[in-house]
Amino acid sequence: MSEARETTHFGERQVALEDKQGLVNAVFHGVADRYDLMNDLMSGGIHRLWKDAMVARLAPPKGGRRPYRVLDMAGGTGDIAERIINASVGYAEVTVADINPDMLRVGEERARKWRFPARVEFVAANAEELPFADESFDAYTIAFGIRNVPRIEKALKQAHRVLRRGGRFLCLEFSQADLPVLSEIYKVFSDRVIPPMGRLVTGDAEPYQYLVESIRKFPKPEQFAAMIAKTGFKRVTHTAYTGNIVALHAAWKL
Ligand code: SAM
């Protein structure tokens with residue numbers, strides 16, 4: 001007798017839960033070298049402002065009596081890490097963790113030219129099973145990563161586990177544009193512009209089709225905030241940016 005397999009979304013497709021990660025990995029394997037360029041093209045550079053806003057909210061200290069350690073999960077090519085380290089003027093120590101070695105390789109190459117290259121380390125890790133000790137970080141950041149993780153609740157539990165008490169959780173993720181005109185423009189742009197642009201720049205439209213569809217399938221900010229709270233995080237809030245195209249979720253481990 002065959003057991004009913006648990007399924008999840010991979011873009012519009014319904015796939016077995018255990019198959020999603022492999023499909024996601026293939027997407028980022030294919031685009032790693034052009035990933036940063038595509039982010040700039042797709043967002044008109046605005047992803048930089050959203051990331052700046054996340055780091056401004058984190059407000060990492062510029063000094064102190066003990067180290068300030070940040071885990072930038074699904075940190076890919078390291079641009080959040082660079083911002084955090086620069087904002088702390090080289091005081092913060094950032095671990096960039098990502099499941100995809102290709103994204104990490106691009107990040108490691110880029111980091112050699114940073115202002116404070118010695119303050120970052122790159123670690124291959126799955127957000128669902130972190131190889132870090134309990135209560136070992138002061139902050140956990142994740143930008144445009146959580147919607148790619150098959151078992152989001154598991155990743156949230158791991159985030160909570162590795163944060164010390166008083167630690168900060170910040171998650172930047174796409175939301176649903178809600179201003180009437182903007183949401184129409186956004187829909188046309190997502191369907192008609194992003195996949196062809198992806199093909200032009202990376203040679204393949206499919207990863208960008210996945211990107212558009214995965215955004216549509218991700219829970220609404222209120223639902224995702226409820227998931228964060230259920231994990232045990234406190235003072236859970238979310239802030240909309242650019243007409244709700246993106247939301248910044250913030251919470252504390254208290
Ligand atoms: N944080 C970067 C940024 O904001 O540009 C990269 C975001 S990119 C859209 C998503 C990243 O999530 C990819 O680098 C991918 O490899 C990573 N990822 C997907 N599933 C993951 C998992 N289970 N654990 C860790 N990283 C994962």
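The values are calculated or read from the model by the stated rules, or taken from the named source; none is laboratory data. The structure displayed is predicted, hence computed values, not measured ones. Every residue, glycine among them, receives a Cβ derived from its backbone with ideal geometry; neighbour counts consider all protein chains shown. The accessibility values were calculated without ligands, DNA or RNA, using every heavy atom of the protein model including side chains. Shrake-Rupley method; radii C 1.70, N 1.55, O 1.52, S 1.80 Å.
Compared with the direct C-alpha span, the chain from ARG34 to GLU121 gains 29.2 nm at full extension, assuming 0.36 nm per residue. Using only Cα coordinates, the Kirkwood hydrodynamic radius of the range 81-125 works out to 10.5 Å. Enumerate by residue number the GluC sites (Glu not before Pro) in the range 162-254 meeting two conditions: DSSP loop (anything except H, G, I, E, B), and at most 11 other Cβ atoms within 10 Å of the site's Cβ. For GluC sites (Glu not before Pro) across the range 162-254 that sit outside H, G, I, E and B with at most 11 neighbouring Cβ atoms in 10 Å, the list is empty. Estimated from helical segments only, the mean residue ellipticity of the chain at 222 nm is -13000 deg cm²/dmol, where each DSSP H run of four or more residues counts as -39500 (n - 2.57). Taken along the Cα-to-beta-carbon direction at a fixed 7 Å, the label points for ARG164 and ASP178 span 3.7 nm. Mean sequence separation of contacting Cα pairs (under 8 Å, at least six apart), scaled by the length of the chain, corresponds to a relative contact order of 19 percent.
DSSP beta bridges fully contained in the chain are about 50 percent antiparallel. Taking a point 7 Å out from the Cα of SER43 in the direction of its Cβ, the residues of the range 60-92 whose backbone N falls within less than 20 Å of it are 60, 71-88. Take the Cα of VAL201, step 7 Å along the line toward its Cβ, and report every residue of the range 93-108 whose backbone nitrogen sits under 19 Å from that point. Correct set: 102-108. Applying 0.36 nm per residue to the separation of PHE132 and LEU17 and subtracting their alpha-carbon distance, the gain on full extension is 39.0 nm. Think of each Lys and Arg Cβ as +1 and each Asp and Glu Cβ as -1; about the Cα centre, that makes the dipole of the chain roughly 1080 debye. With R₀ set to 30 Å, the beta-carbon distance separating VAL193 from VAL89 gives a calculated FRET efficiency near 0.20. Bridgeable lysines around LYS230 (alpha carbons under 16 Å apart, same-chain partners fewer than 8 residues away excluded): LYS154, LYS157, LYS220, LYS253. I need the shape label for the range 171-254. Rule: rounded when a/c is under 1.5, else prolate if a/b > b/c, else oblate, with a, b, c from the alpha carbon gyration tensor. Prolate shape, in that a/c is at least 1.5 and a/b is the bigger ratio. Students often get this wrong: which residues of the range 218-252 have the backbone nitrogen under 17 Å from the point 7 angstrom along Cα-to-C-beta of THR7? Answer for the range 218-252: 218. Projected onto their three principal axes, the Cα atoms of the chain cover extents of 51, 48, 37 Å, largest first. HIS29 sits with roughly 110 Å² accessible to a 1.4 Å probe, with DNA, RNA and ligands left out of the calculation.
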